[in-house]
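These notes are about the structure you will find just below.
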Amino acid sequence: MANLETIVQEAAITGKEIVQAAAMLGAGIAMGFGAIGPGIGEGFAAGKACEGVSKRPEENGLITRTMLVGQAVSESTGIYSLVVALLLIFVVGK
Amino acid sequence: MHEVGVVQTASFDLGPLHIVFNPVTLIMTWIVIALILITFVWLSRKMRQVPGRRQAAVEMVMEMFDGLVKETIGKDSRRYLPLILTIFIFVLFSNWVGIVPFMQEPTKDLNTPLGLAVIVFFVTHFSGIKYNGLFRYIKSFFEPIPFLFPLNVVGEIGKFVSLFFRLFGNIFGGSVIIWVAYTMLMSSWWTSWILVVLGPFLAGFFGLFVGLIQAFVFMMLSMTYIAVAKNQ
């Protein structure tokens, strides 16, 4: 009987482990859902830039520059989710 | 897993102040500054009226940026050209120094992009006040209706928060991905040969390509913020 008790005590999940598991799960969810929006937005911007270049090839440089800046701005929500995921992994889940 | 998230810090007491700093970031920043100095002194040595090959390369970069800043900022663009070009070259070299083994990017630490963003923040608002007058510049925060003043202030701060988090997140995320690939593939001998192909690709993509794009984006956005505040 005492043997079974020690086994149960060793296998018991503490509160800290639950927090760690939740932090890892939260990091995965945050990154996965956070990547959807920037992915769609940046792809849309790149597609429109392709159309623009095919219409006016002489404005190549300006279109590429504007596309990069617009993509960087629309990327910022993805970067926020990346920062939140890294915080969850390295600060909360430690 | 834990050596990535750990930031090495050193601290000392200066009277009542307890000062904490990151020695790795500090040393790497000095190395980057030394690299920039050596490169550009070497490139612009023995300047002549008719440029040689090295001088022509630097002049080409200068002319390109002169045109870019003039296009974006407009009047008095030469006043902002040194700041913009310095930001670009510093961030570019900081991002690229990480591809050398045992070197860490200074931009991987949040404090370096934060410092650059604080500089851009003060330059933006100073030039906004200088070119529009204090009253007109403050009035622009109450612009559509006075009720929206808190929203405008939060938006103004959020611009700069996203500016430095973007640079930090891209560089740090890239280094975490490289670290994950290396530790996972090096754990057993029969997967480590993949690194021969994957290692240079990862370093080239996250170091050279993302570093160049992010340096350009940081420069371009800070220039746009300054231009928006200045030419209201």
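Overview of values
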quantity: Dipole-positive endmost among B:Asn231, B:Gly98, B:Leu185 within chain B (Cβ charges, Cα centre); calculated: B:Asn231
quantity: Above-threshold pairs, the threshold being 31 Å between Cα atoms, out of A:Lys55/B:Lys130; B:Lys46/B:Lys70; B:Lys46/B:Lys159; B:Lys130/B:Lys159; calculated: A:Lys55/B:Lys130; B:Lys46/B:Lys159
quantity: Potential lengthening between A:Asn3 and A:Leu25 on full extension [0.36 nm per residue; Cα-Cα distance subtracted]; calculated: 4.6 nm
quantity: FRET efficiency estimate (nearest 0.05) - Cβ-Cβ, B:Arg79 to B:Phe135, R0 35 angstrom; calculated: 0.95
quantity: Simple Cβ-charge dipole of region B:1-143, Lys/Arg +1 and Asp/Glu -1, about Cα centre, in debye nearest 20; calculated: 720 debye
quantity: Tail weight of P(r) past 17 Å, computed on alpha-carbon pairs of region B:1-100, percent; calculated: 68 percent
quantity: Span-like helix ranges in chain B, DSSP H, alpha carbon extent 15 angstrom or more, Kyte mean at least 1.0; calculated: B:23-43, B:77-96, B:149-186, B:210-230
quantity: Exposed chymotrypsin sites (Phe, Trp or Tyr not before Pro) absent: longest stretch of chain B, with sites in DSSP loops and at most 10 other Cβ within 10 Å deemed exposed; calculated: B:1-101
quantity: Length-normalised contact order for region B:10-230 - Cα pairs under 8 Å, 6+ apart - percent; calculated: 27 percent
quantity: Average beta-carbon neighbours from other chains, 10 Å sphere, peptide A:76-84; calculated: 5
quantity: Accessible surface buried once B binds A (1.4 Å probe; total of both sides; Å²); calculated: 1600 Å²
quantity: Distance between region A:53-74 and region B:132-155 - C-alpha centres, whole angstrom; calculated: 31 Å
quantity: For chain A, the fraction of alpha-carbon pairs in successive 10 Å shells from zero, as %; calculated: 15, 26, 19, 16, 11, 7, 4, 2, 0
quantity: Quotient of Cα Rg and 2.2 N^0.38 Å for region B:10-230, N being how many residues it contains; calculated: 1.23
quantity: Phi to ³J(HN,Hα) by Karplus 6.51 cos²θ - 1.76 cosθ + 1.60 over region B:134-145, Hz, x for Gly, Pro; calculated: 4, 5, 5, 5, 5, 5, 5, 6, 9, 4, x, 9
quantity: Over chain B: helical MRE at 222 nm, DSSP H runs n ≥ 4 each giving -39500 (n - 2.57), nearest 500; calculated: -23500 deg cm²/dmol
quantity: Rg(Cα)/(2.2 N^0.38 Å) for region B:117-164, N = residue count; calculated: 1.18
quantity: Within 10 Å of each Cβ in B:214-221, the average number of Cβ atoms from other chains; calculated: 3
quantity: Within region A:1-74: Cβ-based charge dipole about Cα centre, in debye rounded to nearest 20 (Lys, Arg +1; Asp, Glu -1); calculated: 420 debye
quantity: log₁₀ of I(q)/I(0) at q = 0.08, 0.11, 0.12, 0.16 Å⁻¹ - the protein assembly as shown, Debye sum with one point per alpha carbon; calculated: -0.50, -0.90, -1.06, -1.58
quantity: Nearest-0.05 FRET efficiency for B:Ile38 and A:Val53, computed from C-beta distance (R0 41 Å); calculated: 0.60
quantity: For chain B, built as a Gaussian network whose Cα springs stay under 10 Å, the top-fluctuating residue of B:Asn22, B:Asn95, B:Asn170; calculated: B:Asn22
quantity: Pairwise label distance in nanometres, B:Thr183 with B:Ala203, each label 7 Å out on the Cα-Cβ vector; calculated: 2.0 nm
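The values are calculated or read from the model by the stated rules, or taken from the named source; none is laboratory data. Not measured: the values here are computed from a predicted model. With ideal geometry, Cβ positions are generated from the backbone for all residues, glycine too; neighbour counts draw on all protein chains shown. Each accessible area value is taken on the protein alone, full model and side chains, heavy atoms only, with ligands, DNA and RNA left out. Shrake-Rupley method; radii C 1.70, N 1.55, O 1.52, S 1.80 Å.
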